[in-house]
Every structure is written in C-alpha cells, then in structure tokens.
Amino acid sequence: MMITPVHRFRDIERTPEYLQPEKCVPPPSRASLGTMWFIRDGCGIACAVVTWMLVFYADFVVLLVMLVPSRDYVYSVINGTLFNTLAFLALASHFRAMLTDPGAVPKGNATKEFIESLQLKPGQVVYKCPKCCSIKPDRAHHCSVCKRCIRKMDHHCPWVNNCVGENNQKYFVLFTMYIALISLHALIMVGFHFLYCFEEDWTKCSSFSPPTTVILLILLCFEALLFLIFTSVMFGTQVHSICTDETGIERLKNQKPTWEKISGWEGMKLAFGGAFSLGWFNPFSNLNCESPVPAEAAPASEIMTQEEIEQFLAQDVAIQMLRE
C-alpha cells in the first residue's frame, strides 16, 4: 500500500533557538576534505585492533599447531587454503566496514542562509539536527560517537569502529558471516586434532609441547565458540533487518513505519548492490544499487552541491505543515 506524503509525520523542532542556525558552519568544500572515512574513537580503534589480533591468533594455531605438523598433506593444504581464504575475506570485510562512509548526512547545511535558499512556503518546516547542524532526512539518526547523522543507521559497532548504515551494511554482514564460518571451521579442526592426538603420541601431533598444545587449542576453542555464537546472532539480526526494511534503532523504538516498505528480496538487492551474483560475497565490490527501489532509499554523496541537496531534500526530508 502506497503511503502518501501526508502520512509521513516526523518530530518537528518547535524551538528554533535550540538549533541556533546562525551558529552552524557551512559545509567545507570538496578540496578541503580527505577521501577516507575513519572514526577517531579510542575504544573503537582498540576493539578493531583486538579483532584483527584474534583472527591472527586463530590463524597461528590452525597453521602451526594443527596443520603444519600433520602427516596428511592433502588435509593440511585443503583446510589451510580454506581457512586462510575465509580469514582474508573476513578481514577485508572488516576493513571496508570500518573505512566506508555509512551514509553520513552533509554536516553544517542547516545554516540560516541555506534554509532561506530553500524558499519554503509559509508554515512549512524541515527536521533539523541540533547536534551536527544538518538538515535531517527521514530515517536518519544522530550517532554520538561518529558525531554525524547517519542515513538508515542500524547501530554503532565498536568492533568495526563505525556505524552500520545505508552504505556499509553489506560489508558488516559479510564480516559477521565470514567470522562465523572461520569460527565453525576452527572448532571442527580442533575436534579432529584432539581425536588425532589422543590416538597418536602427543609429542608427534604438534610442534609444541603437549601442555602448550592443549592450552593453545582450548583458547582457540573458547574464542571460536564465543565468536561463532556472537557473529551468527548478528548476521541473522542484520539479514532480518534488511528483509523487513527496519533498522535496529527503529525496532528498539517500536517505531511505526512512515515510509513505504520494500520487499525482502528488493531490500537484499539494495543492501548488496544489485541483482544476485558472486559480487554479493565480495567485500571488494562497490555498491552500485541498480535495483528498482524507492527514491527515498537512494544514497546521497558526502558533499553535495546546493542543487543536489535541494533534490535530496525533495526526496528524503519530510516537510510538513506545522500545526498552529
């Protein structure tokens, strides 16, 4: 059922002095901005480093404790290649999720001059974010860590040191999927290795001493089990959010949809950048979003010209008549 614009009610800032648009700084020019998105948050950076270290630890145990000492070279080559391929894809997905703009709204465009340039009719208002001085699109939320309004923000994840939003949800989904797969693979290999060591001499089933081998395997087993549960839940939650066209924040707030929901398959094509292909599983492929979706879901660039912003607002920002 089509939802007409008259039903798209948003909260309206009724105290303009709270926004103080005269104190907003106009958006910087293209030339003064870098091309890489990176959040300078100490906790997030530490969590991201720990994530990489845990993957490297798992790779260390899998290769040097279980596979290299194995007498079955075919088993070692197949499992070593599979595990390292999945680990590489997991880290690449983490890298893309961390360094991709999640859908930040242009900051500082809620200036008095720009609002006047929109030539709004008497009684019309736009929803503005008083924290980052931006004109806020529908379904955007302000992140206190990123200090920006993020389009279709699902949540802020410290493990990727970034928000999960419209532009990087694919990479976050791939990250959780590949981490879950390498965790399951590691658990299976640990189980087989314990059986192998019980049947053979412990001194021959590993390059390390038996106590060291047991400790390393138990730590890997604990890590793999913990992350298998955590990432599997996150993967399922993200896929559910995409298929229901409802972000985590909207679900927690029990927010009634004021937008036209799209089908689950169209949502998957939008999130993963087009019709189903192997590119869905490739963290190096860029999103091209060629699937037919509502105009309000189309991403906007980080910095836009005035004409582009006006077109963006005409599509995404709910402009309502302010009731007397």
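Assuming TYR196 fulfils every condition listed in (1) among the hydroxyl-bearing types (Ser, Thr, Tyr); (2) open to solvent by less than 50 Å² (accessible area, probe 1.4 Å); (3) in a helix (DSSP H, G or I) apart from one, which condition is it? So TYR196 meets the others, but not (2).
Pick out, from the stretch 84-161, the strands (runs of 3 or more DSSP E) lying fully within it that include 2 or more residues that are under 11 Å from the mean Cα position of the chain (by Cα). Please lay out each step first, then the result.
On the way: elements: 140-143, 148-151, 155-157.
Output list reads 155-157.
For the stretch 93-148, a residue qualifies if it is on the phi > 0 side of the Ramachandran plot, modelled with pLDDT under 80 and open to solvent by less than 20 Å² (accessible area, probe 1.4 Å), and exactly one does: GLY108. The single condition among (1) open to solvent by 30 Å² or more (accessible area, probe 1.4 Å); (2) in a helix (DSSP H, G or I); (3) charged (D, E, K, R) that LYS170 does not meet is (1).
With respect to ILE179, determine if the residue is under 23 Å from SER76 (Cα atoms) and open to solvent by less than 40 Å² (accessible area, probe 1.4 Å).
Details: under 23 Å from SER76 (Cα atoms): yes; open to solvent by less than 40 Å² (accessible area, probe 1.4 Å): yes.
Yes, satisfied.
Within the stretch 77-90, if we keep just the residues that are surrounded by fewer than 17 Cβ atoms within 10 Å (Cβ to Cβ) and of a type outside the set (Phe, Trp, Tyr), the residue that is farthest from LEU174 (Cα to Cα) turns out to be VAL77.
Which condition number does SER207 fail, the rest of (1) assigned to a helix (DSSP H, G or I); (2) under 29 Å from PRO69 (Cβ atoms) being met? Failed condition: (1). Pairs are defined by a Cβ separation below 9 Å, a sequence spacing of at least 6 or placement on different chains, a first member in the stretch 31-47 that is over 15 Å from PRO106 (Cα atoms) and outside any helix (DSSP H, G or I), and a second member that is open to solvent by 80 Å² or more (accessible area, probe 1.4 Å) and modelled with pLDDT under 95; the pairs so defined are ILE39/LYS147.
Out of ALA58, ALA46, one residue alone is within 31 Å of the chain's Cα centre (by Cα), among the small types (Gly, Ala, Ser) and open to solvent by less than 30 Å² (accessible area, probe 1.4 Å). It is ALA58.
So for the stretch 92-111 (the condition being in contact (Cβ under 8 Å) with a residue 40 or more places away in the chain, touching a Pro at 6+ places or on another chain (Cβ under 9 Å), among the basic types (Lys, Arg) and closer than 22 Å to THR247 by Cβ), does at least one residue qualify? Yes; the residues of the stretch 92-111 include at least one that is in contact (Cβ under 8 Å) with a residue 40 or more places away in the chain, touching a Pro at 6+ places or on another chain (Cβ under 9 Å), among the basic types (Lys, Arg) and closer than 22 Å to THR247 by Cβ.
Restricting the stretch 199-233 to residues that are touching a residue at least 24 places away in the same chain (Cβ under 8 Å) and touching a Pro at 6+ places or on another chain (Cβ under 7 Å) leaves a set whose member that is surrounded by the fewest Cβ atoms within 10 Å (Cβ to Cβ) is SER207. Every residue in the stretch 234-271 that is of a type in the set (D, E, K, R) and either part of a helix (DSSP H, G or I) or open to solvent by 30 Å² or more (accessible area, probe 1.4 Å) (or both), please. Within the stretch 234-271, GLU246, GLU250, ARG251, LYS253, LYS256, GLU260, LYS261, GLU266, LYS269 qualify.
Does THR213 satisfy the condition of being among the hydroxyl-bearing types (Ser, Thr, Tyr) and in a helix (DSSP H, G or I)?
On the way: among the hydroxyl-bearing types (Ser, Thr, Tyr): yes; in a helix (DSSP H, G or I): yes.
Taking the combined requirement at face value, the residue satisfies it.
The values are calculated or read from the model by the stated rules, or taken from the named source; none is laboratory data. Note that the structure is a prediction, hence the values are computed from the model and not measured. We place every Cβ from the backbone using ideal geometry, glycine too, and count neighbours over all the protein chains shown. Note: accessible area is taken over every heavy atom of the protein model, side chains too, but ligands, DNA and RNA are not part of it. Shrake-Rupley method; radii C 1.70, N 1.55, O 1.52, S 1.80 Å.
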